[in-house]
Amino acid sequence: MADTTAKSAELVGRLERLPFSRWHRNLFTLCFLGVMFDACDFALFGMALPPVAREFGLNPAQAGLLATLGLVGAFLGALFWGTISDYIGRRTSFAATIGIFSLFTGLVAASWNILSLSVFCFLSNFGLGGEVPVALTLASEFSPSRIRGRMTGTMMAAFPLGLALAATLSLLIIPTYGWRAVFTAGVVPAVLLFFVRMVMPESVRYLISRGRIAEAEATVAQIEGQAFAGQAPPPPLPIPAVAGAEERGNTVLELLTPERRRRTILLWVVSFCFLWASNGIIFMLPTILVQRGVPLTQILIFLLVQALAACVGYTACGFLIDRFGRRPVLFLYYFVGAFFHLWFAEATGVWIYFAIAAVGWVNPGVYGSSGIYVSELYPTHLRATAVGWFFGIGRIGSFLAPAVVGFMLQYGLGAYVLHTFALTFLIAAIALWLVGIETKGKVLEQITGAEAKA
């Protein structure tokens, strides 16, 4: 047992002292593209919702409920794939989620009635909901602690880039070819499956947690071969004892043990509040602004501006949390973001474009780094479960928001919808600060090792 623990610590130390290499670039490019296509497919339905509602004769409340059904699929997908990847591995789960959302997004284009559209949308989102938690966990476990925020944060910047891609495709395709044509492009991400076998190994930390030391060592040796190109590598960094295979219970229940319960619930509040605002905008902003008489083409430009600003916001947040720490930066993103949402709610004329850009910087610009923070706060054997449930519980906010917004629009309360997004960002800021743990620059095993001693 002592030999296994020492070997595990050595392997983690070898991972931590790696320079950023071509191997890392290839892995992160694959994860980046997976997240980008995930976000693109996810956003397409919200952008296509107004013409979908016209074709099938749906009022705003019914359109909101249709969007909610897809978000329920994303909710269940995040819970399922986050949890199952702690049992079957990150690599297998990553490939499965991409295959599912590619197939069923393409089938949305073939929908012949509301029932078929609802089923395909639900199943597509079941895959979409799981891909981001799995990709984020995998990236976090391969990132050296000194640059984990900027590496994983840059990868997660693929999410707003996917939103921008969805806005661009919708702007170019929907007005001319209709909403069905834009979903046909949703099968393109399936191409990534050919590269998973070539580029993506199983997480070394996951292999160690399952007692598969020989496989973990082979993966580390392969990475070192590419990173050091035949040169003698420096000695491994000293790492605290790393647990190998251990008897594990239900990883979901472990999130709510007495020492973790407060932290877990606060993080769930953060996620719920964020996704209320984020997916409320992604799915319902077109419907909100159409009701105010704004042309769909102009709305898609708003969403494109938001997504482009979010690309910068995501990347900047990853660099800032490595420099100034997780808690202060994430708190400020949420706190200032509340006022950005209020500004957008009240802005008119050309100021709307500046306001939606400011919203994009924080929403969704803060979420990738929030997920990184979550991945650092839990040990390897339940890390993906924690990230999956963080995203999953947030999906409750995301699927409640379109339904509530739809009813608010239906019953004449549309003027107050954007104010709810500001309120939830303010609540998220308070909950984030109350988590009370800083993880900047720490090796994952140092963070969870300190927890075990506390």
>> Let me confirm something: among 238, 175, 234, which residue is within 30 Å of residue 330 (Cβ to Cβ), touching a residue at least 40 places away in the same chain (Cβ under 8 Å), out of contact with any Cys (no Cβ under 8 Å at 6 or more places or on another chain) and not small (Gly, Ala, Ser)?
In response: 238
> Hey, among the residues in segment 400-441 that are among the aromatic types (Phe, Trp, Tyr) and open to solvent by less than 30 Å² (accessible area, probe 1.4 Å), which one's farthest from residue 82 (Cα to Cα)?
Replying inline: 421
> Among the residues of segment 188-212 satisfying the criterion of being over 21 Å from the mean Cα position of the chain (by Cα) and charged (D, E, K, R), which is most open to solvent (accessible area, probe 1.4 Å)?
Replying inline: 197
> Say we look at segment 333-368 and pick out the residues that are among the small types (Gly, Ala, Ser) and without any contact (Cβ under 8 Å) to a residue 24 or more places away in the chain; which of these is surrounded by the fewest Cβ atoms within 10 Å (Cβ to Cβ)?
Replying inline: 349
> Do we have any residue at all in segment 218-231 that's closer than 20 Å to residue 86 by Cα, at pLDDT 85 or above and either basic (Lys, Arg) or open to solvent by 30 Å² or more (accessible area, probe 1.4 Å) (or both)?
Replying inline: no
> Here are some residues: 185, 166, 232, 227. Which one is in a helix (DSSP H, G or I), over 26 Å from the mean Cα position of the chain (by Cα) and of a type outside the set (Ser, Thr, Tyr)?
Replying inline: 227
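Restricting the search to segment 79-99, which residues are open to solvent by less than 20 Å² (accessible area, probe 1.4 Å) and closer than 20 Å to residue 186 by Cα? Show your work before the answer.
Restricting attention to segment 79-99, the residues satisfying the condition of being open to solvent by less than 20 Å² (accessible area, probe 1.4 Å) are 82, 85-86, 89-90, 93-94, 97-98.
Those that are open to solvent by less than 20 Å² (accessible area, probe 1.4 Å) and closer than 20 Å to residue 186 by Cα: 93, 94, 97, 98.
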>> Going by what's in this entry, would residue 217 be described as of a type outside the set (A, V, I, L, M, F, W, C) and either in contact with a Pro (Cβ under 9 Å, 6 or more places away or on another chain) or part of a loop (DSSP other than H, G, I, E, B) (or both)?
In response: no
>> Quick check on this structure: which one of 386, 422, 403 is closer than 14 Å to residue 265 by Cα and not polar (S, T, N, Q)?
In response: 386
> Of all residues in segment 25-78 being within 19 Å of residue 119 (Cα to Cα) and outside any helix (DSSP H, G or I), which is most open to solvent (accessible area, probe 1.4 Å)?
Replying inline: 57
> Quick one: what pairs do we get from segment 132-146, first residue in contact (Cβ under 8 Å) with a residue 60 or more places away in the chain, second outside any helix (DSSP H, G or I) and β-branched (Val, Ile, Thr), C-beta under 8 Å, 6+ apart or different chains?
Replying inline: 145/443
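For segment 153-162, name all the residues that are assigned to a helix (DSSP H, G or I) and either open to solvent by less than 10 Å² (accessible area, probe 1.4 Å) or under 14 Å from residue 372 (Cβ atoms) (or both).
Selection gives 153, 154, 155, 156, 158, 159, 160, 162.
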> Between residues in segment 294-309 that are part of a helix (DSSP H, G or I) and open to solvent by 20 Å² or more (accessible area, probe 1.4 Å) and residues that are of a type in the set (Ser, Thr, Tyr) and at pLDDT 85 or above, which pairs lie under 6 Å by C-beta distance while being six or more apart or on different chains?
Replying inline: 305/353
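Does any residue of segment 118-136 turn out to be among the hydroxyl-bearing types (Ser, Thr, Tyr), over 29 Å from residue 408 (Cα atoms) and open to solvent by 10 Å² or more (accessible area, probe 1.4 Å)?
We begin by selecting, within segment 118-136, every residue among the hydroxyl-bearing types (Ser, Thr, Tyr); these are 118, 124.
This time we only want the ones that are over 29 Å from residue 408 (Cα atoms), so: none.
Checked segment 118-136: no residue is among the hydroxyl-bearing types (Ser, Thr, Tyr), over 29 Å from residue 408 (Cα atoms) and open to solvent by 10 Å² or more (accessible area, probe 1.4 Å).
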> Within segment 266-284, is even one residue over 22 Å from the mean Cα position of the chain (by Cα) and either modelled with pLDDT of 85 or more or in a helix (DSSP H, G or I) (or both)?
Replying inline: no
> If residue 108 passes every condition in (1) of a type outside the set (Lys, Arg); (2) more than 30 Å from residue 18 (Cβ to Cβ); (3) within 14 Å of the chain's Cα centre (by Cα) but one, which one does it miss?
Replying inline: (3)
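The values are calculated or read from the model by the stated rules, or taken from the named source; none is laboratory data. Computed from a prediction, not measured in an experiment: that's the story for all the values here. Positions of Cβ are generated from backbone atoms using ideal geometry, with glycine treated the same way; all protein chains shown enter the neighbour counts. Quick note on the areas: whole protein, heavy atoms, side chains included, nothing else; ligands and nucleic acids left out. Shrake-Rupley method; radii C 1.70, N 1.55, O 1.52, S 1.80 Å.
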